[in-house]
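Remarks on the structure that follows.
The values are calculated or read from the model by the stated rules, or taken from the named source; none is laboratory data. Note that the structure is a prediction, hence the values are computed from the model and not measured. Neighbour counts run over all protein chains shown; Cβ positions are idealised from the backbone, glycine included. SASA here: full protein model, heavy atoms, side chains in, ligands and nucleic acids out. Shrake-Rupley method; radii C 1.70, N 1.55, O 1.52, S 1.80 Å.
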Amino acid sequence: MSALSKWLEAVVLRSVGPEKFARLEYRLKPHRRASWGGPMNGQVGRVRICRDILTTLSPTAIVETGTFRGTTTEFFAEFPMPVYSVEAEPRFHHFAAYRFRDLRDRVHLTLGDSRSFLNRLAADASMPKNNVFFYLDAHWNADLPLAEEITTIFANWQQAVIMIDDFAVPDDTYAYDDYGPGAALNAEYLDRLGRTDMYRFYPSLRAAEETGAKRGCVVLCNDPQVRDRLKALSSLRQVI
Ligand SMILES: C[S@@+](CC[C@H](N)C(=O)[O-])C[C@H]1O[C@@H](n2cnc3c(N)ncnc32)[C@H](O)[C@@H]1O
């Protein structure tokens, strides 16, 4: 997008506000509904990992942090369980809210910070606390919510499975996020959490064979039975 178009969008956003702007954007720029080249950064191998996990474990709910425009949320909405997603930027939240306007009974979108959102879900008696799948993708800048997100999830949900996007895969060339000292999404970041109840899995598929943006991921769980079921999936490899 040219500098002039960006400036024009900023002017329109300021004058009409994020909700109206998002509706205009949704209708006038339909290609933006496929952000990052499709669900999970346009990565066919990653989509397969997710399908494998969701069909094997049949979680009671799916929780995403970092809705953005709802491209991956739409993939999650294909599955029969309720989907919860949070987005901090009003403009993106409203874009996704308009996108899922006919699915409000199953796709629950929240505008806010992922940390307070997860704490609210943890305190919500109507939210299942067992066998929930979490997709953590609310990393965007130096204010990295990831450690707090993982801690809240494992403190409040049993048999939870967490997939973290943009994560370094050991011995492979997948791309990952690095926000500076102590804030690279890699194994050392997880080590610093000091947990003994956390099992780690990475994609079996080599980055060279993956499609799309070739972003890495890690899959975590906190239950030995779930670990054994994930071990049986050929799309994942466990790293101890
Ligand atoms: C990489 S994008 C998410 C992409 C989306 N999951 C998808 O697959 O299409 C990251 C999003 O997280 C949002 N975000 C960043 N920090 C956040 C936070 N603390 N809480 C909620 N959302 C946050 C950003 O505004 C951005 O829209």
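Key figures for this structure:
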quantity	calculated
Unmet criterion (only one of (1) surrounded by fewer than 21 Cβ atoms within 10 Å (Cβ to Cβ); (2) part of a loop (DSSP other than H, G, I, E, B); (3) in contact with a Phe, Trp or Tyr (Cβ under 7 Å, 6 or more places away or on another chain)) for Arg69	(1)
Ser15 free of Cβ contacts under 8 Å to residues at least 60 places away in the same chain and open to solvent by 60 Å² or more (accessible area, probe 1.4 Å)	yes
Pair list, Cβ under 6 Å, 6 or more apart: segment 50-73 residue within 11 Å of the ligand (Cβ to nearest atom), other residue open to solvent by 10 Å² or more (accessible area, probe 1.4 Å) and part of a strand (DSSP E or B)	Thr67/Glu87
Residue list for segment 170-183, restricted to those being more than 17 Å from the chain's Cα centre (by Cα) and among the aliphatic types (A, V, I, L, M)	Ala183
Segment 141-153, residues that are under 18 Å from Ala187 (Cα atoms), open to solvent by 10 Å² or more (accessible area, probe 1.4 Å) and of a type in the set (Asp, Glu)	Glu148
Selected residue [in a loop (DSSP other than H, G, I, E, B) and basic (Lys, Arg)] from Arg195, Arg120, Arg200, Arg115	Arg195
Hits in segment 169-189 (condition: of a type outside the set (Ser, Thr, Tyr), under 19 Å from Glu210 (Cβ atoms), part of a loop (DSSP other than H, G, I, E, B) and more than 11 Å from the ligand (Cβ to nearest atom))	Val169, Pro170, Asp171, Asp172, Leu185, Asn186
Condition broken by Arg106, with the remaining ones in (1) open to solvent by less than 40 Å² (accessible area, probe 1.4 Å); (2) free of Cβ contacts under 8 Å to residues at least 40 places away in the same chain satisfied	(1)
Residue that is farthest from Thr196 (Cα to Cα), among those in segment 102-154 that are small (Gly, Ala, Ser) and in contact with a helix residue (DSSP H, G or I) (Cβ under 9 Å, 6 or more places away or on another chain)	Gly112
Selected residue (only one of Leu230, Leu220 is touching a Cys at 6+ places or on another chain (Cβ under 9 Å) and not in a loop (DSSP other than H, G, I, E, B))	Leu230
First in segment 81-97 and within 14 Å of Leu118 (Cβ to Cβ) and outside any loop (DSSP other than H, G, I, E, B), second anywhere and among the hydroxyl-bearing types (Ser, Thr, Tyr) and open to solvent by 20 Å² or more (accessible area, probe 1.4 Å), Cβ under 6 Å, 6 or more apart	Val86/Thr110
Subset tally (residues that are crowded, with 16+ Cβ neighbours inside 10 Å and either acidic (Asp, Glu) or within 12 Å of the ligand (Cβ to nearest atom) (or both)) for segment 34-49	10
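Table: residues versus (1) more than 9 Å from the ligand (Cβ to nearest atom); (2) open to solvent by less than 40 Å² (accessible area, probe 1.4 Å).
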position: Phe75; (1), (2): no, yes
position: Pro80; (1), (2): yes, no
position: Leu121; (1), (2): yes, yes
position: Phe133; (1), (2): yes, yes
position: His139; (1), (2): no, yes
position: Ala155; (1), (2): yes, no
position: Ile164; (1), (2): yes, yes
position: Phe167; (1), (2): yes, yes
